[in-house]
Every structure is written in structure tokens, then in C-alpha cells.
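Everything on this sheet refers to the single structure shown next.
The values are calculated or read from the model by the stated rules, or taken from the named source; none is laboratory data. These numbers were taken from a predicted model, which means no experiment stands behind them. Quick reminder, even Gly has a Cβ in these numbers, built from the backbone with ideal geometry, and neighbours come from all protein chains shown.
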């Protein structure tokens with residue numbers, strides 16, 4: 001989730017400004033970067049229970065401890081709720097999930113170094129307070145009652161609104177973790193093609209990174225229960241966005257979509273004002289019930305954009321949102337997959353050839369089924385692992401074409417290793433977890449935390 005907004009700006013005078021906000025993301029290829037975000041669950045090493053915010057061994061202590069590494073605190077009221085260092089930040093999800101939003105970087109080698117440094121810093125602080133962290137898509141044992149809400153104003157508003165729209169929104173907030181990557185485009189046409197390819201292939205990423213087969217100490221019946229949760233969170237702001245594949249899609253059409261997504265809040269004077277269910281269109285007219293007579297600024301628009309949760313999200317870049325969190329190699333593999341597919345024109349064209357004749361029914365089927373059956377999903381007469389192999393091969397080609405070599409002489413394809421293993425075996429991380437849980441772990445989640453802790 002985003003850190004609190006930093007400024008407001010002038011009122012919006014023209015609807016074109018909303019569209020131009022997205023268009024301002026256009027960048028020449030030389031300026032393209034990649035940003036990686038990943039969340040993780042913190043827990044007490046002794047009890048294996050989730051961390052509260054307060055106390056000498058809580059999330060606040062984690063944030064304060066991280067400042068020794070040059071992180072600057074961001075507060076809400078008297079509470080530190082985020083950290084900044086250069087162009088990177090650390091934020092908190094509603095249940096205390098600890099999230100790194102990495103800096104925009106040029107290569108996957110830099111991303112891998114950033115991820116490794118972050119995990120090392122987190123482990124150093126956590127070890128001192130008797131805590132540990134693990135990367136999974138869904139909390140394997142904890143109930144809603146076990147979780148602790150973080151003291152952030154926007155979460156209070158969302159917490160009260162979520163149950164009005166779906167059955168699993170509270171679980172999304174409290175008990176899920178993801179890894180995302182954010183990528184650039186050079187024009188509206190480039191954005192459209194990348195959006196279509198990445199949205200179509202998002203279920204393949206879900207299957208490859210599926211890492212949440214447990215719920216409250218039992219098998220969940222899904223390879224990615226995290227992904228399934230989004231299907232019953234809020235239909236107004238989640239899903240596969242079929243209009244993206246329609247003729248004429250572009251910045252304007254996405255702006256219209258966002259205008260129709262109900263609001264959560266307005267941020268003023270350091271406080272979140274409840275505007276849940278209200279219309280940004282009314283806000284543009286000065287008729288928002290939460291702020292009568294007031295018109296929004298571009299900062300309000302930027303805030304509002306963060307309250308939609310489709311499988312791919314447009315800001316001034318594209319966010320890939322379909323993957324479960326995982327161990328460190330997975331945190332590097334996710335950006336490697338999408339950079340390989342989207343940042344080389346030949347690979348982007350090849351990926352588009354794979355998906356260009358898929359129908360809305362195909363997209364909906366994959367979105368619904370892959371959380372349940374993962375790489376074993378049958379699609380158009382093929383097992384999904386075979387299609388995933390084709391996708392990963394295209395990513396390999398795209399990364400080879402980038403010719404980004406590290407000090408050891410390796411190119412960026414080394415970060416696809418976890419996906420190479422998955423498509424060769426047909427086994428995603430969730431399949432491996434289930435095998436261990438039924439086998440060597442003998443149904444013990446204590447063994448899971450022991451073996452999977454960062």
C-alpha cells in the first residue's frame with residue numbers, strides 16, 4: 001500500500017488532466033526502469049504468532065530498528081507507519097505485512113542486490129526482538145482474530161467498507177502477501193500492448209508463483225488461495241478488465257474506469273476522510289458529500305488510482321499484481337519474468353501472438369481456475385504447465401536480448417531459474433509445500449516456519 005500523500009496541488013479544471021496524468025508516464029526506452037515490491041509476514045519466533053504494532057517486539061520496533069540503515073520514518077499521528085530511503089520505501093499492509101517498494105532500477109542484477117540487502121536488514125532487526133519473517137501468499141495458520149490492525153487511517157475506512165462488497169476483503173487486507181513488479185512504457189500504443197499481454201498472462205504468473213495452499217491450519221483447496229481471495233473482495237475494483245482488450249482502449253478508457261470505481265477516502269491535513277462508496281465524478285463537480293463545494297487535485301486522483309485492485313493496474317507505469325509472495329529467489333524471478341516478456345520488442349510480439357486470439361471467456365476461465373489447480377489447469381486442450389513453458393522461454397529470449405551482464409559474467413536469465421524448475425516439473429511452490437506438509441513436516445506448521453523463514 002502507498003505511504004501517506006505528501007501534497008495536494010491545484011484543483012483539477014478539466015477532465016483531460018485525468019487522462020494526461022497517465023500519459024505523463026510515457027518514457028523513452030533509455031529511461032525505462034523496473035521496480036519490485038514484496039510483502040512478508042512477521043511473527044514471534046517463540047510462539048509463531050503474528051506481530052502486533054506496539055510493544056518491544058512489534059512492528060513499530062521493526063520500523064524504528066530499521067532507521068539504523070538510513071531509513072527515514074514517515075508518521076501518521078504519533079505512529080511511524082512507513083520508511084523512506086532514496087527512491088525506495090517500506091510500508092505496512094493492514095495486518096502488519098512488511099512491504100518493500102523498491103527503487104526504480106535499470107537491471108535485474110540491481111533488483112536482486114536490493115532485495116538481498118533488504119532481507120538482510122530485516123533479519124538483523126527481527127533477530128534482536130525475537131521475530132522472523134516469511135514469504136507466503138496467505139497466512140497458513142492464523143485466523144482473522146489472530147491478526148493485529150495497523151494504525152493507518154485509510155485501513156479503518158477500508159475495513160468498514162470491505163464487508164459491504166465481498167466476503168473475503170478483510171482476509172485480503174490482513175492475511176495475504178504478494179510480490180509485484182512495476183514497468184514502464186514509451187507511448188499509449190506501447191502501454192496498450194503491454195497491458196493486454198500482461199493481463200492475459202497474469203493467470204500464468206499466478207500458477208507459476210502459487211504459494212498459498214493452506215488456510216487456518218488445513219489445506220485450502222487452492223494452490224493460490226491469495227489469488228482466489230481477490231475474486232470475492234470487491235467487484236467494483238478487482239478483476240480482469242475485459243475493456244482492456246476492446247478496440248479503442250487507451251489512457252482515456254482507463255480514466256473512465258477509474259472514475260467509475262467508488263472512492264474510499266479524501267486525504268486532508270494529515271487525516272483520511274471517509275468518502276467510501278462516493279463518486280469521483282461528483283468530486284469533479286464539487287458535489288462530493290464528504291467535501292461539499294470542493295474539487296479534487298491531481299494528488300486526490302493519484303490517491304484514488306491506488307484504490308483499484310485489478311490484476312494489472314495502470315498508474316504512470318504498469319503494475320503486475322498476480323503473484324504470491326515467496327522466498328528470495330521468487331522475489332527476483334517475478335520481475336525477471338515480466339521484464340523478459342515486456343521490455344524486448346521481439347518477446348513482446350511473441351507473447352502477444354500467444355494470447356491475441358483469447359476470448360473474454362478464456363480470460364475469465366483462467367482467472368477463476370488457476371488459483372485452484374495451478375499449473376495442472378487444462379486450457380485449450382493443453383496443461384497450463386506447457387503454456388507456461390512457452391511463456392518462460394519467451395522471457396529467456398527477452399532477457400538474453402537485453403545483454404545485462406553481472407560481475408560474474410551472468411546475464412539476467414539466471415533469475416528465471418525457479419520458473420525453469422517449475423515448468424520442467426509441473427510443480428509450483430504450493431505443490432512442493434503440500435508434499436512437504438504431507439511428508440517430512442508431518443503436518444507441522446512449526447516446521448514450515450523453521451524451513452521457510454528468510
- Message: Can you report the number of residues in the stretch 365-385 which are in contact with a strand residue (DSSP E or B) (Cβ under 9 Å, 6 or more places away or on another chain) and assigned to a helix (DSSP H, G or I)?
- Response: 11
- Note on the structure: Flagged in the stretch 280-314 as out of contact with any strand residue (DSSP E or B) (no Cβ under 7 Å at 6 or more places or on another chain), under 24 Å from residue 228 (Cα atoms) and outside any helix (DSSP H, G or I), in numbering order, are 306, 307, 308, 314
- Note on the structure: Per the list (1) on the phi < 0 side of the Ramachandran plot; (2) more than 20 Å from the chain's Cα centre (by Cα), residue check on residue 55 breaks on (1)
- Item | Tally of residues being within 18 Å of residue 307 (Cα to Cα) and in a helix (DSSP H, G or I) across the stretch 227-251 | 6
- With respect to the numbered conditions (1) touching a helix residue (DSSP H, G or I) at 6+ places or on another chain (Cβ under 6 Å); (2) surrounded by fewer than 20 Cβ atoms within 10 Å (Cβ to Cβ); (3) under 30 Å from residue 145 (Cα atoms); (4) in contact (Cβ under 8 Å) with a residue 60 or more places away in the chain, which one is the sole condition not fulfilled by residue 105? (3)
- Item | Condition check for residue 288: in contact with a helix residue (DSSP H, G or I) (Cβ under 9 Å, 6 or more places away or on another chain) and closer than 29 Å to residue 42 by Cβ | no
- Tally of residues being more than 30 Å from residue 247 (Cα to Cα) and either at pLDDT below 95 or surrounded by fewer than 24 Cβ atoms within 10 Å (Cβ to Cβ) (or both) across the stretch 216-231: 7
- Note on the structure: By residue number, the members of the stretch 142-162 that are closer than 19 Å to residue 273 by Cα and part of a helix (DSSP H, G or I) are 153, 154, 155, 156, 157, 158, 159, 160, 161, 162
- Counting only residues that are assigned to a loop (DSSP other than H, G, I, E, B), in contact with a strand residue (DSSP E or B) (Cβ under 9 Å, 6 or more places away or on another chain) and surrounded by 15 or more Cβ atoms within 10 Å (Cβ to Cβ), the stretch 49-72 contains a total of 5
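Each row is one residue, and each column tells you yes or no for (1) surrounded by 17 or more Cβ atoms within 10 Å (Cβ to Cβ); (2) free of Cβ contacts under 8 Å to residues at least 40 places away in the same chain.
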| site | (1), (2) |
| --- | --- |
| 245 | yes, no |
| 258 | yes, no |
| 264 | yes, no |
| 271 | no, no |
| 276 | yes, no |
| 283 | yes, yes |
| 301 | yes, no |
| 305 | yes, no |
| 315 | no, no |
- Task: Return the total of residues in the stretch 423-440 being surrounded by fewer than 17 Cβ atoms within 10 Å (Cβ to Cβ) and either at pLDDT below 95 or not in a helix (DSSP H, G or I) (or both).
- Result: 3
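Results for (1) over 30 Å from residue 21 (Cβ atoms); (2) surrounded by 22 or more Cβ atoms within 10 Å (Cβ to Cβ), shown as yes or no for each residue.
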{"site": "120", "(1), (2)": "yes, no"}
{"site": "123", "(1), (2)": "yes, no"}
{"site": "156", "(1), (2)": "no, no"}
{"site": "168", "(1), (2)": "yes, no"}
{"site": "171", "(1), (2)": "yes, yes"}
{"site": "175", "(1), (2)": "yes, yes"}
{"site": "181", "(1), (2)": "no, yes"}
{"site": "194", "(1), (2)": "no, yes"}
{"site": "197", "(1), (2)": "no, yes"}
- Task: State yes or no: is residue 167 closer than 20 Å to residue 237 by Cα and in a loop (DSSP other than H, G, I, E, B)?
- Result: yes
- Query: Which condition number in (1) touching a helix residue (DSSP H, G or I) at 6+ places or on another chain (Cβ under 6 Å); (2) under 30 Å from residue 105 (Cα atoms); (3) part of a helix (DSSP H, G or I) is the one that residue 420 fails?
  - Reply: (1)
- Message: Going residue by residue through the stretch 194-215, is there one that turns out to be more than 21 Å from the chain's Cα centre (by Cα) and at pLDDT 95 or above?
- Response: no
